[in-house]
Structures are given as C-alpha cells and as structure tokens.
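Peer 1: Sharing a structure with you now.
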Ligand SMILES: [Zn+2]
C-alpha cells in the first residue's frame, strides 16, 4: 500500500481530472442493490468543452465536504463501510476542533455570494440510502446537532433489505437531514454513453429528471444537489443538470471548496472505512494558509491500492516519464481488460508484462501540464471492476521544461 500526500495545483487539478473522469469511474462501489455496471475499458474520451467557471473573488473560506456511505459496528470494515464507533470519533474530532458543520443550504447560499460562513466549514453527506444511515449515523449526528445531506437514488428508496425506508428518511428530515439526488438507477455512464449520443441524453434525462421529481414529490422541498454515481461526470450532463435546476453537483475528487469552484464539479472527500488519513486531511485546514501564500496549492490525499510509478504526488523532473503500476497483488486479474488513461492523452497503449505483472506506458509526447493524472482500470475473471479504482496524479517540475529533453 502506497500512501503519499503532496501538494497539488488545485486550480489545475479540476480541468485535468475531467478528461479522466469522463471515462474512469472514480469511486466507490455500486451498492449491491443496484445492478452492477462493470467499468469496462472504454474508448478514448471525446473531448467535450466545459467552460471555465467565472472568476469569483476569494473570500478565504474553505469548505470540506465529507462523503460517507455505509456504517456498521460489526461488519468487516471496507472502503465503503465505516465502523460506527469510528464515525462517532470523527464527529467528536470535528466538534473538538471547533469546526462548524453547516447545512447544505448555507453552503449553497455562500456559494451564490448571499451568505458568509466560517472560514473553515464542514458539510456532511451520506450516499446511497443505506439503512445504517438511519440506525447508526443519524443518532450520532442528531446528538451532535450536525446537519447532513443524504444523496438518495430512486430505485433504492424503500428497496427492502439494507435500504432506507421513506419513514426513516422523513424522520431524519425533521432533524437536520437535507435530501439530494444520487440519480435513479445508480448506473455508471459508460455503457449508456456507448449507445450513442441520443440514447445517452435520454438516459441522463431520466437519471437527473425522474430522480428529482420522485424525491420532491415524496419528501417535499426542492432538490438542488446531486452526487454523481461513482463520481463520474461527463460534459453531456451539464445542460441537463442545469435544465432540472441542480445547483451543486458533487464528485469524489478530494479537495477543499472555495467560492470560485465550478458548482458542477465540486470536490468531496470520500471518507473510507479503511483509510483514516482521508478524514484527517479533510479536516485539516492548516495547509490553506500556505496554499494562499503559495501558488493556489492545496493538499489532496492520494492513496493507491497498488504500487505505482511515478508515485502519487511525486515531483518528477522529466516530461517523458515511464508510467507503471505493479499489479502483482491484484487478485484474479484479467489482463485482457486492462486499460490506462492519461490526462491529455486519453487511453494509451500500455503494455502488461506477464512476468513482473507490471502494466506500463512510456510517455511519448512531452507532458505539458504541471499535474498529470493516470487511471488504470481492469476487470477480474468474473467481470468485476476493482473496489477501489487505481487513479493517481504526479507533478512535473516546471524547470524540467528547460532541461535537455530526450528526442520526442
Ligand atoms: Zn453511490
């Protein structure tokens, strides 16, 4: 397990991440109740322009949005299932640090420039609609008086088994819960996008539109927030999310939010049950001072489940590095399904070495951006994607541009 943390040029991180995000699932597992949609390797992304957000003066405020999924005191901890007692400790830590937990409505009002909030604020979100949101997390949130947002997807509400019921949701609404949409079916865009533009837009219209209508009719109020299933955003979503009146749309890319952040690509720290460091970074705001003094740098946590080169967050002095992932510890890997995508390149012809089990690609055109993102995906022999996607980024030393380069 390699865990590295390094400053990232946050302003550059978002636009870069977009191309990778368009095709690479970035997140957490689809809940079992949803039809599993394997993230098969896909064709190189079609570049879709996303206009840069307007420049908003920085008021110095940083907001950390925490994303949780499922909770249990007894089930084995996984990325998606956090110990209930650990969750309680985290809420205590927020309280002890004096960090205000603000309602989603306050966050949105601040974002619109209509409200001032504390310099360091926390927003709590819980995805999918697991019953444990009610049985485990809610009593703790209520006790601490922390508001929170549940991102629900239509097909799982009242879905039986481990799903939340409408009554539970309504009770939570009376005590601090806001409802956001997490789509209708929680399926990832890939397979729908491959069916062509028209079919894809039709699919998106249902996912954005029907989920909103359903949630508003069932639970009242206006639904203006959306969490992309798997954190995956594609440019085709933007006109539809706008049409349906979504104001704040969340990814799973870690990072603090400032007022100027694009509302369609809001960062969020997915607090994994097995990676305490994510929570620590999400609630550490001391880097912000250095960030504003420096070049808009923000710390983003990076952890890769398997060793990679260059290491996550590393600063490399070559614009033509070798990118590789050591996959020797991947259980049941089907090498035929391997795919590597690199920011600015799309899918690249990486090669799998059967002997060393490393999957690598030699960058063949000089990297021009200060941050390079890499995503490696695969399926196992049963056609399942890995639980935690292998994505990382590293930085390229600006000075490297002036070093003698190997011939391109
Ligand atoms: Zn989800």
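Just so you know, all these numbers are worked out from the coordinates, no wet-lab data involved. Note that the coordinates shown come from a computational prediction; the quantities given were computed from them, not determined experimentally. Neighbour counts run over all protein chains shown; Cβ positions are idealised from the backbone, glycine included.
Peer 1: Roughly how many nanometres apart are two label points built 7 Å out from the Cα toward the Cβ at residue 173 and residue 135?
Peer 2: 2.3
Peer 1: Oh, and also: Under Stokes-Einstein, with the Kirkwood radius over Cα pairs standing in for Rh, what whole-number D in µm²/s applies to the stretch 181-245 at 20 °C and 1.002 mPa s? Write out the running numbers ahead of the final one.
Peer 2: Numbers: Rh = 12.0 Å.
For the chosen part, D equals 179 µm²/s.
Peer 1: Also, I was wondering about something else. Stretch residue 201-residue 334 to full length: gain in nm at 0.36 nm per residue minus the Cα-Cα span?
Peer 2: 44.7 nm
Peer 1: Give the calculated FRET efficiency between residue 260 and residue 118 to the nearest 0.05, with a Förster radius of 22 Å applied to their Cβ-Cβ distance. Working shown, then result.
Peer 2: Details: r = 18 Å, r/R0 = 0.82.
Calculated transfer efficiency: 0.75.
Peer 1: Still on this structure, please answer the following. So how much slack lies between residue 97 and residue 240, counting 0.36 nm per residue of separation and subtracting their Cα-Cα distance, in nm?
Peer 2: Working: separation 143, 0.36 × 143 = 51.48 nm, distance 3.92 nm.
Computed gain between residue 97 and residue 240 is 47.6 nm.
Peer 1: What is the calculated FRET efficiency for residue 218 to residue 284, with r their C-beta to C-beta distance and R₀ = 51 Å, to the nearest 0.05?
Peer 2: With a Förster radius of 51 Å, E is 0.85.
Peer 1: How long is the stretch 148-228 along each principal axis, judged by its Cα atoms, biggest number first, in Å?
Peer 2: 43, 28, 19 Å, listed from the longest principal axis down.
Peer 1: Continuing with this model, one more query. By per-residue mean of other Cβ atoms within 10 Å, what is the highest-first order of 345-356, 56-67?
Peer 2: Order by mean packing, descending: 56-67, 345-356.
Peer 1: Also: When you count, for each residue, the other Cβ atoms within 10 Å and take the mean per peptide, how do 317-326, 366-375 rank with the highest first?
Peer 2: Going by the mean number of other Cβ atoms within 10 Å, highest first, we get 366-375, 317-326.
Peer 1: For the stretch 55-295, what does the convex hull of the Cα positions come to per residue, in cubic angstrom?
Peer 2: In the stretch 55-295, the Cα convex hull volume per residue is 132 Å³.
Peer 1: Please find the FRET efficiency linking residue 364 to residue 75, where r is the Cβ-Cβ separation and R0 is fixed at 41 Å, and quote it to the nearest 0.05.
Peer 2: E(calc), rounded to 0.05, equals 0.35.
Peer 1: Across the stretch 55-106, how large is the tail of the calculated P(r) beyond 13 Å, expressed as a percent of all Cα pairs?
Peer 2: Of all Cα-Cα distances in the stretch 55-106, 70 percent exceed 13 Å.
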